1. Looking at the range 92-113 only, could you name the residues that are among the charged types (D, E, K, R) and either more than 17 Å from Val197 (Cα to Cα) or touching a strand residue (DSSP E or B) at 6+ places or on another chain (Cβ under 6 Å) (or both)?
2. What number of residues within the range 93-121 satisfy the criterion of being within 19 Å of Arg133 (Cβ to Cβ) and within 6 Å of the ligand (Cβ to nearest atom)?
3. What is the one condition in (1) in a strand (DSSP E or B); (2) within 15 Å of the ligand (Cβ to nearest atom); (3) hydrophobic (A, V, I, L, M, F, W, C) that Ala59 does not satisfy?
4. Quick check: is even one residue across the range 74-97 without any contact (Cβ under 8 Å) to a residue 60 or more places away in the chain, among the polar types (S, T, N, Q), in a strand (DSSP E or B) and not assigned by TED's automatic domain parsing to the domain that holds Thr194?
5. Just checking, which of Ala230, Ala247 is under 22 Å from Phe150 (Cα atoms), modelled with pLDDT of 95 or more, out of contact with any Pro (no Cβ under 9 Å at 6 or more places or on another chain) and buried (at least 16 other Cβ atoms within 10 Å of the Cβ)?
6. If I filter the range 185-205 for residues that are assigned to a strand (DSSP E or B), out of contact with any Ser or Thr (no Cβ under 6 Å at 6 or more places or on another chain), more than 14 Å from the ligand (Cβ to nearest atom) and not assigned by TED's automatic domain parsing to the domain that holds Ser264, do I get at least one hit?
7. Tally time: how many residues in the range 58-110 are over 14 Å from the mean Cα position of the chain (by Cα) and acidic (Asp, Glu)?
8. Which condition number does Tyr6 fail, the rest of (1) part of a strand (DSSP E or B); (2) under 30 Å from His176 (Cα atoms) being met?
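The values are calculated or read from the model by the stated rules, or taken from the named source; none is laboratory data. Here the structure is a predicted model, which means the values were calculated and not measured. Note: ideal-geometry Cβ built from the backbone for every residue, glycine included; neighbour counts use all protein chains shown.
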Amino acid sequence: MNPFHYYTPDTQDELLTLLQQYGDSAKLMAGGTALVIMMKQRLVVPEALISLHRLPGLAAVREADGSVHLGALLTHRGAELSPLLQARLPVLAETYRHVATVRIRNVATVGGSIAHADPNQDPPVTLLAFDARVQMTSTAGSREVPLVDFFTDYYETVLRPDELLTGLRVPIPAPHTGSVHLKFLPRTADDYATVGVAATVQIDPSTGTCQTCRIALGSVGSTPLRAQQAEALVQGQALSTALLREASAVAQQQTDPLNDTRGSASYKRAMAGVFVRRALEQAWQHAMGTVAGS
Ligand SMILES: Cc1cc2nc3c(=O)[nH]c(=O)nc-3n(C[C@H](O)[C@H](O)[C@H](O)COP(=O)(O)OP(=O)(O)OC[C@H]3O[C@@H](n4cnc5c(N)ncnc54)[C@H](O)[C@@H]3O)c2cc1C
């Protein structure tokens, strides 16, 4: 690794001042699971490394204003085991449980996973399906951006070099909403997905038709993505085999995967169709189950 200055600020103000001072020659470190590898490979060569581990108050999970708020320094393991998340957004808690191994989940953070912006990661897919918001702050003020507008390219986001990602706000789904995250793992249980799909379907309980639908995919493009054309096709419709087939074909067209060790681009695109179909059907059935039980 290159030599670098190492800072461990105790307050957010101290940290933001350092960020302002160093600009894009500084790197923030949360769990370090992605960053240290990139530094060892010299893909990232920071002049200053600023650790977040002493910052207070950024690892909480709480409910307010119809949303669950996840602090940026909450670990994946903390999210997976949070009773609040398990009760309010069980599919999101389950998604964190499907990341890597428990050793990684014990240190990797919710904020680090989003800021890293690797399109192969799992949590961004489910967070997109839940229409999550990203909260950021700098010495110039704070802002909130919909996750769907946050990722711009491979490992690129709208986060500015002077900004700290402080947390995520995840709206609690409306009644009669079903949701699912499917991770297609043909190799080993702790691998990255060959394709990941999450879907939420809110139905009108009197007719069973879809009121709102969100479909998100990972590992099939330069960013995690929403299949918005497929969503539009499904909204207002009743569940049918023909609709599922048509929606999955449209979603497939939005993918642009790479050939790699987890499959060829054409295989991933085919699997994206299969998994969109399964995810939509399962989310819809969960939503119908809420009507039967109410
Ligand atoms: C062996 C292995 C297996 C893995 N398998 C999976 C998998 O199956 N599924 C999956 O989803 N992921 C997987 N990952 C990726 C893992 O989820 C990420 O490495 C992790 O989420 C990054 O979080 P971190 O806290 O360690 O971030 P760090 O490594 O500390 O930081 C990552 C990036 O985010 C920036 N950053 C961190 N926190 C903030 C913040 N609060 N504000 C602004 N910028 C910030 C850093 O500057 C850096 O650029 C795996 C990683 C490893 C090493």
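1. Across the range 92-113, the qualifying residues are Arg103, Arg105.
2. The total comes to 7.
3. (1)
4. yes
5. Ala230
6. No; the residues of the range 185-205 include none that is assigned to a strand (DSSP E or B), out of contact with any Ser or Thr (no Cβ under 6 Å at 6 or more places or on another chain), more than 14 Å from the ligand (Cβ to nearest atom) and not assigned by TED's automatic domain parsing to the domain that holds Ser264.
7. Total meeting the criteria: 2.
8. All conditions pass for Tyr6, except number (2).
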